[in-house]
Amino acid sequence: MKICIINGPNLNLLGKREPEVYGSLTFEEYFAGLQAKYPNIDFAYYQSNIEGELINKIQEFGFTYDGIILNAGAYTHTSIGIGDAIKAITTPVIEVHISNTFSRESFRHQSYISGNAKGVVLGFGLKSYDLAIQSFL
C-alpha cells in the first residue's frame, strides 16, 4: 500500500510553533515513528508553504497512490484550487487537522477540502494522521 502525506503552510514549524496547540515533536520525528509503526506501507511525505506546489503534489500522487492524507493548514479555509485538485484525482484523500478547527476562530470552520475528501479527522493532535492511516487499512 502506498500512502502520501502532504502538509501545507507552517507545518514545517511543528515542534516550535505553538507547542500547546501542536505539540513538541517535529513532523519528521513523528513521520519516522509512522514508518516504523507501519512497515508494510510505502510512505511518501511532502510539505510546502506554497499553494501551487501542494496542488502539483496532489496531482502527482493522485492517480498512482492508494491514499493521500492532506493537512492543508490555512489553505483548507481559502483554497478553491486545492479543493478542485482533490475533486480531479482518483486517489481518495483524508483531510487531517492536528487541532479541532471548530474550537478555534470562526474562519477555520469553513473547508474547501471536506466536500471532496473521503473523510475528515481533526482534533487528535498528531494521532489524527494515525487515524487517517487506519481508514485506508
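Counting only lysines at least 8 places from residue 37 when in the same chain, those with an alpha carbon closer than 25 Å to its own are 2, 16, 57, 118, 127.
Charging the Cβ of each Asp and Glu at -1 and of each Lys and Arg at +1, and nothing else, the dipole of the chain about its Cα centre rounds to 200 debye.
Placing unit charges on each Cβ (+1 for Lys and Arg, -1 for Asp and Glu) gives the chain a dipole about its Cα centre, and among 31, 55, 119 the Cα reaching farthest toward its positive end belongs to 119.
Would you compute, from DSSP H runs of 4+ residues alone, the mean residue ellipticity of the chain at 222 nm, taking -39500 (n - 2.57) per run and dividing by the full residue count, rounded to the nearest 500?
Values: 5 runs with 45 residues, N = 137.
About -9500 deg cm²/dmol.
Tell me whether segment 63-104 comes out rounded, prolate or oblate; compute the Cα gyration tensor, take square roots of the eigenvalues as a ≥ b ≥ c, and use a/c under 1.5 as the rounded threshold. In terms of gyration-tensor shape, oblate. When all protein chains stay in place and ligands, DNA and RNA are ignored, the 1.4 Å accessible-area order of 84, 130, largest first, is 84, 130. By accessible area, using a 1.4 Å probe on protein heavy atoms only, the chain has 53% of its surface on carbon and sulfur.
The values are calculated or read from the model by the stated rules, or taken from the named source; none is laboratory data. Keep in mind that this is a model prediction, so the values were computed, not measured. Neighbour counts run over all protein chains shown; Cβ positions are idealised from the backbone, glycine included. All accessible areas refer to the heavy atoms of the entire protein, side chains included, with ligands and DNA or RNA removed. Shrake-Rupley method; radii C 1.70, N 1.55, O 1.52, S 1.80 Å.
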